[in-house]
Every structure is written in C-alpha cells, then in structure tokens.
Amino acid sequence: MVVNFIDMLQKAKKEHYAVPHFNINNLEWAKYVLEECNEKNVPVILGVSEGAAKYMGGFDTIYGMVTGLIKDLDIKIPVCLHVDHGQSFDTCKKAIDAGFKSVMIDASKHPLKENIEITKKVVEYAHKRGVSVEAEVGHIGGTEDNITNTSNNATLEDCLEIYNGAEIDALAPALGSVHGIYKGEPNLDFETMKKIDDTLPIPLVLHGGSGIDEEKIQKAISCGISKININTELQQAWTKGVREKLDSDKEVYDPRKVIGAGEKNLKEMVDYKLSIFNTRL
C-alpha cells in the first residue's frame with residue numbers, strides 16, 4: 001500500500017535516523033529499490049521528478065506501476081510515492097489525483113511571500129486527501145552553482161515563516177547541498193540546520209544527498225535531517241553496470257539483459273545508503 005510520509009519521518013526525527021528517498025526513472029529502478037528495501041525491512045520514499053514523470057508516461061502510469069509492483073512482489077514495507085520538486089500547484093494536483101500520497105511543492109524560486117502562498121494552496125488541497133507536503137526554502141542549486149556560496153541558504157526566520165504560514169509536513173532548507181555531482185567538497189551549514197531542527201516540530205530534508213561523505217551524512221542526521229534524497233549516485237551505479245555489459249558483450253541486444261545489467265550495482269548502492277542512514281522500521 002502507498003502511504004504518505006508523515007509517520008515514517010516523524011519516527012525518524014524522534015529516533016535520529018534518515019528515511020531514504022530514492023528517485024526512480026523506470027520500472028526496473030522501482031523494482032530494484034522496492035526489492036532491496038523490502039529485503040532489509042526498511043521504509044522507502046520513491047521520488048518522481050516532473051521530468052521522470054513525463055519520461056515514464058505520466059503520474060497515472062507511475063502510480064499503477066508502483067502499486068502493481070507492491071502487489072506482485074509482495075512488498076510489506078511502508079512505501080511513499082512522492083513528487084520530487086513539483087514546480088506548480090497543477091503538477092501537485094495531477095499527482096494527488098492520480099493517487100500519490102506525498103508531494104513536494106518547490107516554489108523556492110519565488111519570493112518567500114509568494115512561496116508561502118503557493119505552498120499553502122497545495123497544502124490545503126493535499127491535506128484534505130491525506131497527502132503529505134514537503135516545501136523548500138532558500139535555493140538548492142545544481143552543479144552549476146558554487147557550493148561555497150551561502151547567499152541562497154535558508155534562514156531560521158524564513159523556515160519559521162513558511163512553517164507557520166503554510167502548515168507543511170516537512171521542510172527542505174537550502175543549507176549548502178546541491179543536485180548532481182559536487183565540484184569540490186559539500187559545505188553544509190550544520191549550525192543553522194540544528195537551530196531549525198530545535199525550533200520546528202517537523203522533519204527536515206536533505207536534497208543533493210549524492211556525493212556527501214558518511215561523516216557529513218551522520219552529522220546531518222544528528223542535526224535533524226530525517227529524509228535524504230539520492231538520485232545521481234543511483235544513476236552512476238546503474239550506468240556503470242550497463243556500460244560494462246555493453247563493452248564486454250558486443251552481441252547483446254535484448255533490452256532486458258542490457259537494462260538488467262545495472263541491477264547489482266544499483267542494489268549495492270541502495271544497501272550502502274541504508275547502512276549509513278541507519279534506516280529502520
């Protein structure tokens with residue numbers, strides 16, 4: 001059964017571990033992640049970006065695929081199907097109407113007041129339907145950003161304002177992480193992270209979790225991070241396996257064998273992340 005993230009993240013916040021958010025990009029990735037997390041008996045959040053949703057056919061298709069896998073694979077763990085970086089109310093509404101139980105509305109590109117207004121509209125629609133909502137404050141950049149630039153980082157005051165104004169269930173404050181591959185060392189603002197955690201009753205989310213070393217991950221969890229998003233490292237691990245298969249077997253043409261060549265690497269990466277997140281039921 002697909003659930004929202006409220007219970008799993010509140011438990012993680014209380015017991016000081018992180019629930020993994022693994023982005024999925026096709027049926028195989030969803031299957032591999034579900035199988036590995038089910039085997040390790042840990043909850044999981046399957047993240048779907050707008051780009052991935054478009055690639056896979058749409059939110060209805062993805063909901064049917066994931067719920068079908070949960071049934072056919074006899075998945076027993078809590079599974080949250082979540083929109084990652086929904087850019088508008090309409091995107092979040094489409095996902096909710098399709099059956100998603102969790103959405104992230106990312107209106108962080110707007111001024112804070114407008115961010116709160118957009119987020120509140122999503123929250124009002126979502127909460128009536130039992131759907132959890134994550135928001136973002138500050139700007140979590142991409143690989144083009146200078147990771148030592150803190151000008152777009154969240155402040156405690158802004159985090160309080162969006163929490164009080166929109167009644168969100170989780171918050172992703174921009175505190176030095178970036179999406180994609182890091183150019184240099186991640187420069188996370190743990191001091192502000194801890195202050196936000198001590199002040200807000202809701203779980204905090206770390207985006208751009210790929211490429212952050214174990215020590216910083218553990219420190220982030222100790223400072224209140226209860227959900228960590230991983231995408232790039234899954235892409236790298238899976239692609240490495242597929243590339244090795246294509247390089248070693250020039251005659252292969254069956255797409256199942258090509259795509260499946262990334263299974264071992266991807267599952268190993270999932271298992272590694274679970275071990276450093278200390279995830280548990």
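Under 5 Å between amide hydrogens, built in the peptide plane, is the criterion, and for His85 it picks out Met104 among residues at least 5 positions away or on other chains.
Spin-label model, Leu156 to Leu246: label points 7 Å out along the Cα-to-beta-carbon direction sit 5.0 nm apart. As a proxy for reagent exposure, Leu156, Leu281, Leu206, Leu200 were ordered by neighbouring Cβ count within 10 angstrom, fewest first; the result is Leu281, Leu156, Leu200, Leu206.
Here the chain is scanned for GluC sites (Glu not before Pro) in DSSP loops (not H, G, I, E, B) that have at most 11 other Cβ atoms within 10 Å, and the longest stretch holding none of them is 1-143. Along the chain, the exposed loop sites are trypsin sites (Lys or Arg not before Pro) outside DSSP states H, G, I, E and B with at most 15 other Cβ atoms within 10 Å, and the longest stretch free of them is 1-75. Measuring r between the beta carbons of Val258 and Glu191 and using R0 = 51 Å, the FRET efficiency lands at 0.65.
Computed from the Cβ-Cβ distance with R0 of 35 Å, the FRET efficiency linking Glu117 to Lys14 stands at 0.65.
Extending 7 Å from Cα along the Cβ direction at Arg129 and again at Thr67 yields two label points whose distance is 1.2 nm. Using the Karplus relation 6.51 cos²θ - 1.76 cosθ + 1.60 with θ = phi - 60°, the per-residue 3J(HN,Hα) values for segment 257-273 come to 6, 5, 5, x, 5, x, 4, 4, 5, 5, 5, 5, 5, 4, 4, 4, 5 Hz, with x marking Gly and Pro. Computed from these coordinates, which is Cα extents along the principal axes in Å: (1) 53, 41, 34; (2) 119, 54, 33; (3) 59, 41, 33? Label (3) holds the value from this structure. Put in order of Cβ neighbour count within 10 Å, fewest first, the listed residues Tyr32, Tyr163, Tyr125 become Tyr125, Tyr163, Tyr32. Exposure proxy for Phe277, Phe22: other Cβ atoms within 10 Å of each Cβ, ordered fewest to most, give Phe277, Phe22. Here the Karplus relation 6.51 cos²θ - 1.76 cosθ + 1.60, evaluated at θ = phi - 60°, turns the backbone of segment 238-252 into coupling constants of 5, 4, 4, x, 5, 5, 5, 5, 5, 6, 8, 10, 6, 9, 5 Hz, with x for every Gly and Pro.
Taken together, the values in this text are just the output of simple stated rules run on the coordinates, not laboratory data. What you are looking at is a predicted structure, and each value in this text was computed from that prediction instead of being measured. Note: ideal-geometry Cβ built from the backbone for every residue, glycine included; neighbour counts use all protein chains shown.
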